[in-house]
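The values are calculated or read from the model by the stated rules, or taken from the named source; none is laboratory data. From a predicted model like this one, the values you see are computed outputs, not experimental measurements. Positions of Cβ are backbone-derived with ideal geometry, glycine not excepted, and every protein chain shown enters the neighbour counts.
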Amino acid sequence: MNNNPIVSIVVTTYNSEAYLKKQLNSLISQTYKNIKIFVFDDCSTDSTIEILKTYEEQYDFIKVIQHTTPLGVIKNFEYGISFVDSELIALCDHDDIWMPDKISLQVESIKEYKTPALVHSDLEVIDANDQIMYKSFFQLKGYSFPNKKSLDILISRSGIMGNTILFNRALKQVILPFFENIPMHDYYIGVMNEIYGTRITISQPLVKYRIHNTNIGNRQQSILKKIKGFFYNDLPYVNRKVFLLDLLNAKLDSLDKSIINDFLKCIEYNKFEFFLKCLNKKEYFKGKVFYKLRLILRYIIKI
């Protein structure tokens, strides 16, 4: 690999007109210039395509791919990752803003790796008007990433945000094709890398992560909605069960299998005493006492 490898940025869009220009401008303004931007639109019905075509006509390193039938977020990212052919790949949402040196810092940290590797970072949290809400997403969520393999953290709380991910071709070959039953693409990629590759965590925020009412993932909600969701949604991590069971059939060492099996026992939620024991594992749940008390109440109501 040369000193300035090409980085393919995979951007996915769907009805993204509100914030798309700011995101694209932040990509174009990267201090690292050896980039190609591929935008995969999932059948937008607003002015997204018109915006994208304007950028595509202006910049020869931007290519727009329009799907004729909707794929959904996960399949759209899988398609995009499969489509690009470069040594390094970065994933990008349509509504954030990247810091100017994001790619430069990430390439410098990963470029020497020949085996599967992934680099991610902290984020600032901004609102719909670009105002900073939180300086550190890691601190807000209580995420910490030891400088060693930590599969127990990655399969539970995770914390690797897709809009900060950059990985190499060696990891691409590991993750494709995606497993059928994954809760989200970034969770899947993070777990697979933790098993088969090397994780590099940059504690510096490299992305301004926008929270607004139409986010697919984290979003601003009224207190009433949060309370209702807490008691009526599934218990934590239930949507990961099928994927983790499928993962056990893959080629894993005995320690990885043991870690996954222990976590699966926790999310079975069939024994209260075992659930309480799992709550004390800081890797699985937030450490705040009030949060754990609410989970116990939610468990009692659910079961």
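Where residues in the range 153-199 are part of a strand (DSSP E or B) and closer than 22 Å to Ile97 by Cβ, which of them is nearest to the chain's Cα centre (by Cα)?
The selected residue is Leu166.
For the range 21-48, give me each residue that is surrounded by 19 or more Cβ atoms within 10 Å (Cβ to Cβ) and either among the aliphatic types (A, V, I, L, M) or at positive phi (or both).
Correct list: Leu24, Leu27, Ile35, Ile37, Val39.
Say whether the condition of being in a helix (DSSP H, G or I) and at pLDDT 95 or above is met by at least one residue in the range 119-137.
yes
Quick one: which of Ile189, Ile211, Ile267 is under 14 Å from Leu154 (Cα atoms) and either modelled with pLDDT under 95 or in the same structural domain as Glu108 (by TED's automatic domain parsing) (or both)?
Only one candidate qualifies: Ile189.
Report, by residue number, each residue of the range 167-189 that is farther than 17 Å from Val73 by Cβ and in contact with a strand residue (DSSP E or B) (Cβ under 9 Å, 6 or more places away or on another chain).
If the condition is that a residue be farther than 17 Å from Val73 by Cβ and in contact with a strand residue (DSSP E or B) (Cβ under 9 Å, 6 or more places away or on another chain), then Phe167, Asn168, Arg169, Ala170, Leu171, Lys172 are the ones that fit.
So is Ala90 touching a Lys or Arg at 6+ places or on another chain (Cβ under 9 Å) and at pLDDT below 95 or not?
no
Give the range 25-43 a look and list any residue that's under 16 Å from Asp93 (Cα atoms) and either touching a strand residue (DSSP E or B) at 6+ places or on another chain (Cβ under 6 Å) or at pLDDT below 95 (or both), or say none.
Hits for the range 25-43 are Ser26, Leu27, Lys36, Ile37, Phe38, Val39, Phe40, Asp41.
Given the options Ser82, Ser44, Ser29, Ser86, name the one that is within 19 Å of the chain's Cα centre (by Cα), of a type in the set (Gly, Ala, Ser) and assigned by TED's automatic domain parsing to the domain that holds Pro183.
Testing whether each residue is within 19 Å of the chain's Cα centre (by Cα), of a type in the set (Gly, Ala, Ser) and assigned by TED's automatic domain parsing to the domain that holds Pro183 leaves just Ser82.
From (1) surrounded by 14 or more Cβ atoms within 10 Å (Cβ to Cβ); (2) more than 24 Å from Leu140 (Cβ to Cβ), pick out the condition that doesn't hold for Leu255.
Unmet condition: (1).
Could you tell me which residue of the range 196-214 is farthest from Ala117 (Cα to Cα), considering only residues that are surrounded by 21 or more Cβ atoms within 10 Å (Cβ to Cβ) and among the hydrophobic types (A, V, I, L, M, F, W, C)?
Step by step, filter the range 196-214, then rank; the result is Val207.
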